[in-house]
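Every read-out reported here was derived from the displayed coordinates using simple, explicitly stated rules and does not represent laboratory data. Model, not experiment: these values are computed from the prediction. Cβ: placed from backbone, ideal geometry, glycine included. Neighbour counts: every protein chain shown.
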Amino acid sequence: MSKHNKLKPEAEKAPYQPTEREKTALEHYRARVAAAPPAPRMKVTKGDKRAELAPDHPDLPLGSMLLMEALGTVSIDFLQGLMLQLIDAEPDEADLNFMLSVVKAIKPRDELETMLAAQMAAVHMATMTFARQLQHVENLPQQDSAERAFNKLTRTFATQMEALKRYRTGGEQKVTVQHVSVNECGQAIVGNVTQATRETTPGKPANSAMALADARQSAMPIIGGPERAPVPLRRKKDGGRSSA
């Protein structure tokens with residue numbers, strides 16, 4: 001091979017220069033990490049009978065404390081029990097840490113919220129499993145079975161989100177006013193107002209307005225036309241009576 005055919009070393013590529021949008025996103029990411037540092041991951045070591053779990057941190061007690069803070073608990077027993085349950089649900093280390101990241105992202109404030117968040121993570125994993133099965137079904141019964149399980153799991157996840165929301169808000173409910181009607185006397189009726197049909201009486205128009213009364217007051221007397229004065233009766237000479 002001649003000297004002219006020797007390959008020349010490639011020139012070093014210039015480092016990538018991020019765009020302004022990428023710089024802004026990087027700054028936001030660093031600010032979020034600084035405000036809320038992520039809790040340690042879990043390290044899974046296969047033992048003789050079952051997997052052994054430990055925080056992926058140089059200082060195990062400190063790593064456990066950081067995990068407990070992220071999971072809204074101060075109990076080491078709760079932390080160990082929850083980690084064992086998660087590893088039983090997903091024995092793979094990557095899946096375990098994904099589920100743990102879901103729980104930490106919900107930011108539970110106590111053990112009840114942590115357990116609900118762990119259930120939500122497990123339901124999500126099962127949902128995606130059946131979503132994958134739907135793409136590889138071989139017959140109609142398999143499709144129906146996977147579809148039913150997928151629908152149940154997605155509805156369960158939505159119910160869990162509502163349960164977490166109600167627990168955090170203390171079960172408070174908001175009342176929305178749909179209609180507000182004010183009659184001529186200044187009384188307001190809140191809600192849907194319906195009026196039953198009634199027969200038209202002689203001498204009274206069919207579209208007359210219904211009168212509204214306050215139930216806290218005594219009933220008002222019926223007001224009709226002007227009262228007529230009594231007319232004395234005159235007796236006839238034959239004993240009969242005739243009106244004037």
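Annotation for the range 12-109: GluC sites (Glu not before Pro) lying in DSSP loop with at most 15 further Cβ atoms inside 10 Å of their Cβ are E12. Close amide H partners of M42, meaning residues 5 or more places away or on another chain with modelled amide H under 5 Å apart, are D56. Phi angles of the range 17-34 translate, via the Karplus equation with coefficients 6.51, -1.76, 1.60 and θ = phi - 60°, into HN-Hα couplings of 9, x, 6, 5, 5, 5, 5, 5, 5, 5, 5, 5, 5, 5, 5, 5, 5, 5 Hz per residue; Gly and Pro are given as x. Sequence-ordered 3J(HN,Hα) estimates for the range 48-54 from the Karplus curve with 6.51, -1.76 and 1.60 and θ = phi - 60° stand at 5, 9, 8, 5, 9, 10, 7 Hz, glycine and proline given as x. Between D56 and N139, the simple label model (points 7 Å from Cα in the Cβ direction) yields a spacing of 4.3 nm.
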